[in-house]
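The structure's right below; bear with me while I get my questions together.
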Amino acid sequence: MNAPVLKASACPHDCPSTCALEVELLQDGMIGRVRGARDNAYTAGVICAKVARYAERLYHPDRLTKPLRRVGAKGEGRFEEISWDAALDAVAEAFLKAEAEHGAQSVWPYHYAGTMGLVQRDSIHRLRHAKGYSLQFDTICTNMAWTGYIAGTGKLAGPDPREMALSDQIVIWGTNPVSTQVNVMTHAVTARKTRGAKIIAIDVYPTQTIKQADLGLVLRPGTDAALACAAMHVLFRDGFADRTYLERFTDCPAELEAHVATRTPEWASAITGLTVEEIETFARMIGETKRTYFRLGYGFTRSRNGAMSMHAASCIAAVTGAWQHEGGGAFHNNGAIYTLDKSMIEATALRDSSVRQLDQSQVGRVLTGDREALRGGPPVHAMLIQNTNPVSVAPEQELVKQGFAREDLFVCVHEQFMTETAQMADVVLPATQFLEHDDIYKGGGHQYLMLGAKLVDGPGETRENLVVLNDLARRLGAAGHPGFSMSAREHIDWMLKASDLGSLEEIERDRWVDCQPDFETAHYLKGFAWPDSKFRFRPDWPKVPAPNDGPMGPWAEMPALPDYWPVVEAADETHPFRLVTSPARSFLNSTFNETAGSRDKEGRPELMMRPEDAGPLGLQDGDRIRIGNARGAVLLHLRVTEGLKPGVVIAEGIWPNEAYPDGKGINTLTGADAVAPYGGAAFHDIAVWVRKA
Ligand SMILES: Nc1nc2c(c(=O)[nH]1)N[C@H]1C(S)=C(S)[C@@H](COP(=O)(O)OP(=O)(O)OC[C@H]3O[C@@H](n4cnc5c(=O)[nH]c(N)nc54)[C@H](O)[C@@H]3O)O[C@H]1N2
Ligand SMILES: Nc1nc2c(c(=O)[nH]1)N[C@H]1C(S)=C(S)[C@@H](COP(=O)(O)OP(=O)(O)OC[C@H]3O[C@@H](n4cnc5c(=O)[nH]c(N)nc54)[C@H](O)[C@@H]3O)O[C@H]1N2
Ligand code: SF4
Ligand SMILES: [Mo]
């Protein structure tokens, strides 16, 4: 038998690793194993198990293959097959009707990052802008993390992530890379093996990453800024602060030093639940190791004080001057290194900034007519949804479900599977998967721009996002923009050329473009990205560059300097537990929870609780329990787990709602209130009660 042909691709999923892939193409035209590209310096041959077995998802018997129209009641799940023409006509008719009766802003195209491909993910904006439909304010994932990081540095970029392998110490903070971005571990473990580097991990429960660390700190949710301030206290106190660096590169070192003088390890211990000794050890390890790389994740920012926590953690590297050293500094995401011209994909010239921006995380409030969420405009009457599954992943799930059940709302969902959002739709369109269409991807957790070319045909009548949008635009009389007449390959070529990053032909040959800035730029050795070139210990929070109209949430009350800001949803007598909804290793948000390989590994929806908390409630391992708050209640099973902090409970994964005995998913409990200063959803900041069911 001939050996399979290996084809290059890139992982399309919403994961900072954006792995460079090698896909086996078998004799019969099917795909075999998927591997990490060995010659890609960041992927370095390693990918996660769920993508290695991608054939399971590509050839899944439940793939949508035909356009469908609802025949039963809303959400009942009864559909009939129709032709593409009939389906697109129905969508266009509903959109034109909504526009005629309630104005263009009553149509809300809604999307997210189920694919991270720049063409297939972001082409929906072209239709939005061409028609003047409502804008989407993206809040579900990155706001607190990005704002918090930029508050200090002025820019969303940092030291080359490959330098982790050259570091003497890696602090993995508020991310669980063993589960969520495996390549961080590759480089951290290389540093451990080759240079004896230490790995420090900080989380709210004993994750696999914590278990692999030399120092694993388990603290109370939402208290990271207290740990950061106490660490800085010790660094100043014990002579570890780099005063020359501070004078030259930071805005107000003396003020910071005076401020953290009262943020003692004892103070932080009472807030974080860590021992004074743990805090002292952590600070000393950082002080004694100049070449420390802070790999700051998203997890610890999904709290109402999340932007403050991110900023506080990034400040530590400025106090020790770690930024100066190869293998040192603080990294979160490399978004700002890619200077891509997306004007053709998104028709940015047609964007009307007077159009309202509706908050993606508040989709429940928007669809149930909350006036503030509607920004004073008309109700939403029609939606096109691509690459996201809000009925499962969005907060305030009870409102989301009520909203999607509205008889006067028309919903078209373009999907690969019959998700719980697709089940609520009027028209469902079958979508291709990444190996079935062309696209281009940029790594958030590294510095490559990568091509993922079409390798196989999609099943049945599946179509890619771009084609659906172009066809809809023609039916809606909006196809004048040249972007609506281009294929994905033409878009990629146009964008690369306009951005001065080569061409389609070149990236097809080379597979990726390494966009890493030079050492001095990446380490901010020519200064930070503010007018005065200084790192900001004292951010101007309402002026940190942000993607939306202006500050929101209780931003005016944010402390001026790094500090613990007690605005979390605190436990009280009625809600004595703090719930964190961490990612599951075998799922990726709601993706892969349709594949047996992933579901079998995850088991069932469970709540982790320490034995000392379970005992007084009369609860035992495996018990059916109910957890709840004012937003609703969820039924699941108890997993008694050692190593948690008192009063902290963890539910891993976004399981489908139907995996819970009463159909209510974990996001029944999460809130959609906008987090300061630029919005965002506090998925790990929830107070709940727990009872035997
Ligand atoms: N397997 C898997 N991989 C994924 C995902 C997934 O669902 N599953 N999701 C993808 C997506 S969309 C994203 S944005 C990235 C996110 O990737 P990461 O940057 O890793 O962030 P999170 O996955 O949100 O959370 C990581 C960890 O933060 C912890 N955490 C929660 N609250 C706190 C806190 O207050 N303090 C501290 N120190 N830790 C806290 C959680 O327990 C969790 O272990 O991962 C992507 N990769
Ligand atoms: N409780 C809780 N909730 C959370 C989180 C949490 O930690 N806890 N994390 C939040 C975070 S960080 C995020 S980013 C969100 C993400 O939540 P979602 O945006 O829903 O993310 P995914 O599950 O990655 O992708 C959604 C869908 O995109 C579809 N899709 C993939 N590729 C394509 C394509 O090419 N075309 C079309 N039409 N569809 C495609 C997939 O089939 C999948 O059903 O969830 C958030 N929700
Ligand atoms: S680790 Fe992330 S980017 Fe890499 S293959 Fe897995 S999901 Fe894709
Ligand atoms: Mo995310």
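In this structure, is LEU219 open to solvent by less than 10 Å² (accessible area, probe 1.4 Å), over 27 Å from LYS155 (Cβ atoms), assigned by TED's automatic domain parsing to the domain that holds THR190 and more than 16 Å from ligand 3 (Cβ to nearest atom)?
Taking the combined requirement at face value, the residue satisfies it.
Same structure again: What single numbered condition from (1) modelled with pLDDT of 95 or more; (2) not assigned by TED's automatic domain parsing to the domain that holds HIS414; (3) not in a strand (DSSP E or B) fails to hold for LEU96?
Only one criterion in (1) modelled with pLDDT of 95 or more; (2) not assigned by TED's automatic domain parsing to the domain that holds HIS414; (3) not in a strand (DSSP E or B) is unmet by LEU96, namely (2).
Further question: Looking only at the stretch 187-210, count every residue that is surrounded by fewer than 22 Cβ atoms within 10 Å (Cβ to Cβ), within 16 Å of ligand 3 (Cβ to nearest atom) and either within 22 Å of HIS311 (Cβ to Cβ) or touching a residue at least 40 places away in the same chain (Cβ under 8 Å) (or both) and tell me the total.
So the answer is 1.
Moving to a separate point now. Report whether or not ALA556 is out of contact with any Pro (no Cβ under 6 Å at 6 or more places or on another chain) and part of a loop (DSSP other than H, G, I, E, B).
Considered against the rule, which asks whether it is out of contact with any Pro (no Cβ under 6 Å at 6 or more places or on another chain) and part of a loop (DSSP other than H, G, I, E, B), ALA556 comes out as no.
Within the stretch 1-40, track down each residue that is away from ligand 4 (no atom under 16 Å from the Cβ), open to solvent by 20 Å² or more (accessible area, probe 1.4 Å), touching a residue at least 24 places away in the same chain (Cβ under 8 Å) and closer than 17 Å to GLY443 by Cβ.
Of everything in the stretch 1-40, just one residue is away from ligand 4 (no atom under 16 Å from the Cβ), open to solvent by 20 Å² or more (accessible area, probe 1.4 Å), touching a residue at least 24 places away in the same chain (Cβ under 8 Å) and closer than 17 Å to GLY443 by Cβ, namely ALA8.
Could you tell me how many of the residues in the stretch 279-307 are aliphatic (A, V, I, L, M), touching a strand residue (DSSP E or B) at 6+ places or on another chain (Cβ under 6 Å) and either away from ligand 1 (no atom under 16 Å from the Cβ) or within 30 Å of PRO395 (Cα to Cα) (or both)? Spell out the reasoning first.
Residues of the stretch 279-307 aliphatic (A, V, I, L, M): 279, 283, 285-286, 296, 307.
Next, only the ones that are touching a strand residue (DSSP E or B) at 6+ places or on another chain (Cβ under 6 Å) stay: 286, 296.
Now narrow it down to the ones that are either away from ligand 1 (no atom under 16 Å from the Cβ) or within 30 Å of PRO395 (Cα to Cα) (or both): 296.
The number of residues fulfilling the criteria is 1.
I'm trying to understand the selection: among the residues of the stretch 140-155, which are more than 14 Å from ligand 1 (Cβ to nearest atom) and not small (Gly, Ala, Ser)?
Initial filter on the stretch 140-155 (more than 14 Å from ligand 1 (Cβ to nearest atom)): 147, 150-155.
Correct list: THR147, ILE150, THR153, LYS155.
Can you tell me which residue within the stretch 60-99, out of those that are within 31 Å of the chain's Cα centre (by Cα) and without any contact (Cβ under 8 Å) to a residue 40 or more places away in the chain, is least open to solvent (accessible area, probe 1.4 Å)?
Here the answer is GLU76.
Go over the candidates ALA317, ALA336, ALA312 one by one and state the one that is open to solvent by 10 Å² or more (accessible area, probe 1.4 Å) and either away from ligand 2 (no atom under 16 Å from the Cβ) or more than 12 Å from ALA145 (Cβ to Cβ) (or both). Full working, then the answer.
Values: ALA317 fails: open to solvent by 10 Å² or more (accessible area, probe 1.4 Å); ALA312 fails: open to solvent by 10 Å² or more (accessible area, probe 1.4 Å).
Checking each option against the conditions leaves just ALA336.
Quick one: in the stretch 122-154, of everything that is assigned to a helix (DSSP H, G or I) and surrounded by fewer than 24 Cβ atoms within 10 Å (Cβ to Cβ), which residue is nearest to ligand 4 (Cβ to nearest atom)? Step through it out loud before you land on a result.
Kept after step one, since they are assigned to a helix (DSSP H, G or I), are these residues of the stretch 122-154: 122, 124-131, 143-153.
Still in the list and also surrounded by fewer than 24 Cβ atoms within 10 Å (Cβ to Cβ): 122, 125, 129-131.
Numbers: ASP122: 16, HIS125: 19, HIS129: 24, ALA130: 28, LYS131: 28 Å.
Looking at residues that are assigned to a helix (DSSP H, G or I) and surrounded by fewer than 24 Cβ atoms within 10 Å (Cβ to Cβ), I get ASP122.
Residue-wise test of (1) under 30 Å from TRP655 (Cα atoms); (2) touching a helix residue (DSSP H, G or I) at 6+ places or on another chain (Cβ under 9 Å); (3) loosely packed, with under 15 Cβ neighbours inside 10 Å; (4) among the basic types (Lys, Arg).
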site	(1), (2), (3), (4)
ARG509	no, no, yes, yes
ALA522	no, yes, no, no
TRP555	no, yes, no, no
PRO559	no, yes, no, no
ASP563	no, yes, no, no
GLU569	yes, no, no, no
PHE577	yes, yes, no, no
PHE587	yes, yes, no, no
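The values are calculated or read from the model by the stated rules, or taken from the named source; none is laboratory data. Note that the structure is a prediction, hence the values are computed from the model and not measured. Methodologically, a virtual Cβ is constructed for each residue, glycine included, from the backbone with ideal geometry; neighbour enumeration extends over all protein chains shown. Heavy atoms of the whole protein, side chains included, go into the accessibility calculation; ligands, DNA and RNA do not. Shrake-Rupley method; radii C 1.70, N 1.55, O 1.52, S 1.80 Å.
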